[in-house]
Structures are given as C-alpha cells and as structure tokens.
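Engineer: Quick one: the structure is below, questions incoming.
The values are calculated or read from the model by the stated rules, or taken from the named source; none is laboratory data. Keep in mind that what you see is a predicted model, and the values were worked out from it rather than measured. Here the Cβ positions follow ideal geometry from the backbone for every residue, glycine too, while neighbour counts run over all protein chains shown.
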Amino acid sequence: MKAALENMKSQNETKTQQIAEVSGKYQESLHTIEQLNITIQDLKEEIGQVRSENKAVNEQLTTTQAELENKPGVSEDQVIPISAWQSNEFEAELNTQINSLGLNNSLQPASKIKNIYKAIAKYFKKQLASREKATEQINTEYQKYMNTVNKFLVQLSITTEVEPVNSNEFFGKHVDQRVISAISDVRSCHDDLKRKNEQLNQGIARIMDTCGNLNMSLGGSLDFSLTMSDDIFSEIENQIADLKSQVSDLTSQIGKKNKKIKELTSSLKSTKRKGDSTSEDQKMQIKRLNEEKEDFQNQNEELQKNIQKLRWELQKVKNEYLDYQTAQEEAMEELKEKFEQQIMTISLDKAKIEAQLKEQIRIVAEQVNDTTDAIADNQDQITRLKQIVEEQKVLIVDKEHEIERLKEKNEEAIHDLEAKFQREKKQIIESYENAVNELREQLESSKRDFQKITKENEATQKQLSQAKENILQLKKEKITTEHDFKSKIEQYERQKKLTESASKAKIIDAQKTYTSQLDTEKKEFEEEKNRIYTTIAETFKPFFDPGDKLNEKSLKAAMFRARDEIQRLTETDTAVRRIVNANTDQKTDDAVAQVVIRNS
C-alpha cells in the first residue's frame, strides 16, 4: 500500500511537472501571439512603405513618359542643312531652279528632291532635244554632201567609161585607183591622138609641097594630068579638110576633156583627202563614243552595285532590329515568367504557412481546452488572433491586388512604349523604303537616259566632228549628276545614322527603366519573403536550430518538430487522464488535484 502510495506520489509529481511544462508552453504561446501581433503591425508598416514606393515609382514613370513625349525630335535642318540644297555646278538657269526649290519651306524634303529631279530631267530633256535637232540638221547636210559626191562619181565613171561607182565603194573598196587609171588612159589616148594629128599635118604639108614642086618643074605638062586629077585632089583636099576639122574637133574635145580631167582629178584628190579626214574623224569619234559608252556602262554597274549594297545594308539593319526585338520580347517573357513563378511560389508558401499556422492554432486550442481552464479563458484571445490572422489575410489579398494593379499598369506602360517604338520603327522603315524607291526611280531614269544616249551615240557614228562638243557637254553633265547623286547618298546615310542612334538611345533608356523597375519589384518580394521566414522562425524559435540556414527546408523541419512535440504532449495528457481515471468532461488538472488530495 505504501509502495502504491509512493508510486502515486511519483506520478503526481510527474503530472505536476507536466502541468508546469504545459503552463510554460502556454506562456510561450502567449508570447508567440504577442510576437505575431508585432509582426502583423510590422507587415502593415511595410505594406504602407511598399505603397509609398509604388506611388513614387508610378510618379517617376509618369515623369519619364512626359519627358519622352516632350523630347524634341530631329528637325529637317539638322538632317539636311539649307546649304545642301544649293548648287553652282549646273547652268545658271538650272542652278536658279534648284536653289528656289531647296529654299521653299512649304515643301517637304521628299517633295523637294522629287521636284529637283524633275527640273533636272526637264532641263536635260530640253538639251537633248536641241542636240537631236542639231544632229538631224547635220545628217541632212551630210546626206546632201554624199548625194553630190555620188553624182560626181557617177558622171566621172560615165566620162571615163568605167563601171558606175558610188561613195561607199569609192571610200570603202579603194575604187579610186581604178578611176585614176581610167583618167590616165584617157590622158594617154589624148597624147596619142595629138601625136597622130601632128603626123598627119606633116604628111599633108609634104604632099602639098611635093605637088607644088612638080607643077613648077613640069610646067604645063601636068595641067592635063592635074586637070584629070582635079577631082582626085579635090576629093583628097576634102578628105584632108575633113580630117583637119575632125582633128581640130578632137583637139578641142581633148582640151576640154583634159581640163575636165584636171578639175575632176583635183576635186577627186580634195574629196579623197576630205573623205579620209572625215573618215578618220568619224573613226576617232566612234572610238571615243564607244569608250564613253563603256564608261557609262561601268558607272551604271557601279550604281547598281551601290544600290544593291544599300539594299543589303537596309535588310541587315532590319534583321538586326528584328533579332533585337525578338531578344527583348524573349527577355521580357522570361522576366514575366520568373516574376509570376516567384509570386506563385510566395503564394504557395504563404498558403502552406497559413495552413500550418491554422493547424498549430487548432492543435494548441484543443490542447488548451483539454489541459486547463486558463487556456479556456484565453479562447477569446485565440479568436482575436484568428481575426487578426484573417485581417492579415485580407491585407495580403489587398497587397496582391495592389501588385496585380501595378503589374497591369507597368504592362500598359510597356505596351504603350512598345506601340510608340513600333510606330517610330515603321516610320523609319517607310522613310528608308521611300529613299530606296526614289533611288530606284533615279536609277531607272538614269538608265533610260543612258539608253537614249547610247542610241543617239549609235546614230551619231555617221555624224561629223561637230558632235565632239555635244559629247564633251554630256560628259560634263554626267559628272555633275554623279556628284549630286553621291551627295544625296551621303545625306541619306547621315539621316539613317541619326535615326538609328535616336532609336537605339530610346530603346536603351526604356530597357534600363523597366529593368530597374523589375529589379526593384524582385528585391521587394525577396525582402518580404525573408521577413516572413524570419517571423515564422521567431514564432517557432524553440523548435528552430540556430545553426541551420533560414530557408524553406529549415522552416519545414521546425514545423515538423513542433508537430511532434504537440503529439507527445497530447499522448502524455491522455496517459495522465487514464492514470487518474478522469471523467470525459473533467479537466486533467482537476482530476490530478483530486487524486493528490485523496492520497494526502
């Protein structure tokens, strides 16, 4: 009996110690509730601070947007100065037209360039028309000259009794030797006829002398014979007279022919010299025109290569811009995903912590209800704690709504900036495409002009040396046009670089702004997460190992240790109630006290 009593005393002491431990844990729970209240107050202050920081960020964003909207754009004078529209390399009339168009402030740069090219094209079309008219006149005169030469050659061939010859055969097939040989034959025939005429005159003179001597020597003996031969002599004299007349006619004809041959020979020589010089000049002119044609073709090829290079560079810039935009979109998507994952992780952690807190509060409430009346008296405090927790939940929900609102606002700002950037990009691309189209039109115009000039050059291969000045003038105009074209390309390159630098600066500024904002939001969420972890660690300080690192794993381990301790206390309370035979509605400390009183 005594042993049983001692055993009961020892159990009573054990129960008393357990009650003291439960009371200490209860006091610790009260202290934990006070710390939770302090933590809730700190969270409220932090929420207010976060709201003020978000307000400051929104004000800064508004200020930045206003600065971007009020930022002055690139003016026309900065891209294309007034001095670029002035030109002194053309004729005075064309320079005046170009300067008046360039100084007209009512026209846009594209309209100025278009009207200037129209004025240049009109001026040079007028020049080409005058050149064509002069060329036609030269061709007409040249044709008249060739017709005269053809007539002369035909008459000469008829006179010299050779095959008919035209100017092309005369200058191209070396028929002049044949004509000269025919003239030489006529001259030799004339000399032969002259010599025969002299011989006949000498023969007739000798016959007359012989007849006179015979008449004198024979006296009248020959009268009969002479009378008989009067008819013969008269016939002979008639024949001699006829021969003399024929000889004189032939002599006069030969003199006329010799004179005409000399004239034809001198004319032929001068015509040949002139034709040789003209042919040589035409050959030199054709050679020079072919060289200039090759120069034009080479310059056209270089222009084609430059335009192709500009197209390639424009396409390269477009591809780089698209790659940069794609990278930016991917980076923004990754940041959004990370941001959403962090929010989701924090929400899950918050839900887990709330569930664990609810579970611990429920277990502590059950344990307090089963352990002592004092804990029952503090039910109101636990209810208030629950209300505070619910209020904290409402605050957390408000904070989440505030975060979502800020997120939507930031997304709207990002969307507005992206839309603005897209508009600027579209404007830049349109300006480049307009510039390329204008260059293409200029190239096509130059190509048409070049083809026209080429046709004219092919037509002027038969012209005279007067076309030299026209070709030199065209060459000078071509050099001036190339100089203007190069200056326009340099201006477009400067405008392109200015636009690209401005766009890149805007993109970098927007990227820095939103990167800093995202970093700030990320830092705030990390700080809030660390504060929640710190609050939980302080709340479950007895179950937290100071040597462990403060993270999700260590917090879960502390929660598990608290759960095991509560289960152990619950099992101990059940064993004590079973030992003291406590009733169902009887409290554990009351049953223990009754046992102690009975045993004492």
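Engineer: Taking the condition of being buried (at least 16 other Cβ atoms within 10 Å of the Cβ) and farther than 18 Å from Thr32 by Cβ, how many residues in region 504-533 meet it?
Structural biologist: 12
Engineer: Could you tell me whether any residue of region 105-119 is more than 26 Å from the chain's Cα centre (by Cα), closer than 21 Å to Ile489 by Cα and at pLDDT 75 or above? So that I can check it myself, show each step before the final result.
Structural biologist: Looking only at region 105-119, we keep the residues that are more than 26 Å from the chain's Cα centre (by Cα), and these are 105-106, 119.
Now narrow it down to the ones that are closer than 21 Å to Ile489 by Cα: 119.
Those left that are additionally at pLDDT 75 or above: 119.
Yes.
Engineer: Also: Among the residues of region 89-123, what is the count of those that are surrounded by 14 or more Cβ atoms within 10 Å (Cβ to Cβ) and either in contact with a Cys (Cβ under 8 Å, 6 or more places away or on another chain) or part of a helix (DSSP H, G or I) (or both)?
Structural biologist: Total satisfying the criteria: 18.
Engineer: Show the residue pairs meeting these rules: Cβ distance below 6 Å; 6+ apart or different chains; first residue within region 511-529 and touching a residue at least 40 places away in the same chain (Cβ under 8 Å); second residue hydrophobic (A, V, I, L, M, F, W, C).
Structural biologist: Pairs that qualify, where the first residue is touching a residue at least 40 places away in the same chain (Cβ under 8 Å) and the partner is hydrophobic (A, V, I, L, M, F, W, C), are Leu518/Leu335; Lys529/Ile346.
Engineer: Right, another one. Checking Lys462 against (1) at pLDDT below 65; (2) within 30 Å of Gln308 (Cα to Cα), only one condition comes out false. Which one?
Structural biologist: Lys462 satisfies all of (1) at pLDDT below 65; (2) within 30 Å of Gln308 (Cα to Cα) except (2).
Engineer: Another one. Considering only region 534-550, how many residues are in a helix (DSSP H, G or I) and either in contact with a Lys or Arg (Cβ under 9 Å, 6 or more places away or on another chain) or surrounded by fewer than 17 Cβ atoms within 10 Å (Cβ to Cβ) (or both)?
Structural biologist: Going through region 534-550 one residue at a time, the tally reaches 5.
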